[in-house]
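Novice: What follows is a single structure, and I will ask about it in a moment.
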């Protein structure tokens, strides 16, 4: 079963998320890639959706945030887009006030119902706005901006042309302090060199395109060590089995790993793995079929506490687990999960 990559666009109100989304869609259509879009607004009307248009399959989720009040609808919208549009990937533009950890949580929940893969969390930052807030150093908006930066795998520093050079250096230093792992791409109107963007994203759809562009433009672009290192890392991230294990993606410091169970499991074996999860895993949840009695069981793991509940799903739900945390070994966890899934 094909996994559909999911790209999440995060960033505070007015940072330029829709501008970036529009550019990404134009690039997709130019290359013959089939995108689909989910746009989330906390209000009743999605004016930004009018800017996207272009005949791209789109779902508008209004009057709430996908990270909280309407998160339960997200899986259904993803399923509908997959069934109706068969997209190569889905772009989700989150509300500007959405909590990034909860967005990540909501999307990974949708993996129980759909074969999807979180490919990137892209955060757009308004340079001048972030500079002002960081100098104040407090407030709910600043806390949210910091969280959005921390959870990002790619940082688009937008409207960089509207700040002085020394201010831009201060902004980048502050952002690197919050997230030293994600590449920072300064832009004006979210416009950037295609090669840099593709290397930062390194999607499975785009991997061949990156290599072609590097060859075609090797005399025009200077690749610094950090970008080359990122390119190598991303290739390694995607060299994994897309069969049993489903998918995973690392945000380096914030990691989400989804694993699909192909067969029923021994309850006590899974409990042993869950109780032995590394300290870096601070949230895990999933559904599996008990080998002992054939019943479906849901587990919740948080703050080192494990809870298992027998359930009777009303709709089709895949046996799967999601693990979210910081700096834990996905390879080690995968090995343990594969061991308990092997036939006796």
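The values are calculated or read from the model by the stated rules, or taken from the named source; none is laboratory data. Since we're looking at a predicted model, the values are computed, not measured. All Cβ positions, even for glycine, are placed from backbone atoms using ideal geometry, and neighbour counts span all protein chains on display.
Novice: Being closer than 13 Å to residue 57 by Cβ and in the same structural domain as residue 11 (by TED's automatic domain parsing): is that true of residue 77 here?
Specialist: Spelling it out, residue 77 is indeed closer than 13 Å to residue 57 by Cβ and in the same structural domain as residue 11 (by TED's automatic domain parsing).
Novice: Quick test of your reading of the structure: residue 239 fulfils all but one of (1) modelled with pLDDT under 70; (2) within 14 Å of residue 319 (Cα to Cα); (3) surrounded by fewer than 21 Cβ atoms within 10 Å (Cβ to Cβ). Name the failing condition by number.
Specialist: Going through (1) modelled with pLDDT under 70; (2) within 14 Å of residue 319 (Cα to Cα); (3) surrounded by fewer than 21 Cβ atoms within 10 Å (Cβ to Cβ) one by one, residue 239 breaks only (2).
Novice: Search segment 319-338 for residues being part of a loop (DSSP other than H, G, I, E, B) and surrounded by 16 or more Cβ atoms within 10 Å (Cβ to Cβ), and hand back the single one that is modelled with the highest pLDDT. Lay out the reasoning, then the answer.
Specialist: Narrowing segment 319-338 to residues part of a loop (DSSP other than H, G, I, E, B): 319, 326-329.
Those left that are additionally surrounded by 16 or more Cβ atoms within 10 Å (Cβ to Cβ): 319, 328.
Working: 319: 86, 328: 83.
Filtering first and then ranking leaves 319.
Novice: Here's something else I'd like to know. On the given criteria, is residue 268 free of Cβ contacts under 8 Å to residues at least 12 places away in the same chain, in a loop (DSSP other than H, G, I, E, B) and outside the structural domain of residue 115 (by TED's automatic domain parsing)?
Specialist: So residue 268 does not fit the description; no.
Novice: In contact with a strand residue (DSSP E or B) (Cβ under 9 Å, 6 or more places away or on another chain), modelled with pLDDT of 95 or more, in the same structural domain as residue 180 (by TED's automatic domain parsing) and in a helix (DSSP H, G or I) - does that describe any residue in segment 150-158?
Specialist: Taking every residue of segment 150-158 in turn, none turns out to be in contact with a strand residue (DSSP E or B) (Cβ under 9 Å, 6 or more places away or on another chain), modelled with pLDDT of 95 or more, in the same structural domain as residue 180 (by TED's automatic domain parsing) and in a helix (DSSP H, G or I).
Novice: Determine whether residue 303 is under 23 Å from the mean Cα position of the chain (by Cα), exposed (fewer than 10 other Cβ atoms within 10 Å of the Cβ) and modelled with pLDDT under 85. Reasoning before the result, please.
Specialist: Numbers: under 23 Å from the mean Cα position of the chain (by Cα): yes; exposed (fewer than 10 other Cβ atoms within 10 Å of the Cβ): yes; modelled with pLDDT under 85: yes.
Yes; evaluated as a whole, the condition is true for this residue.
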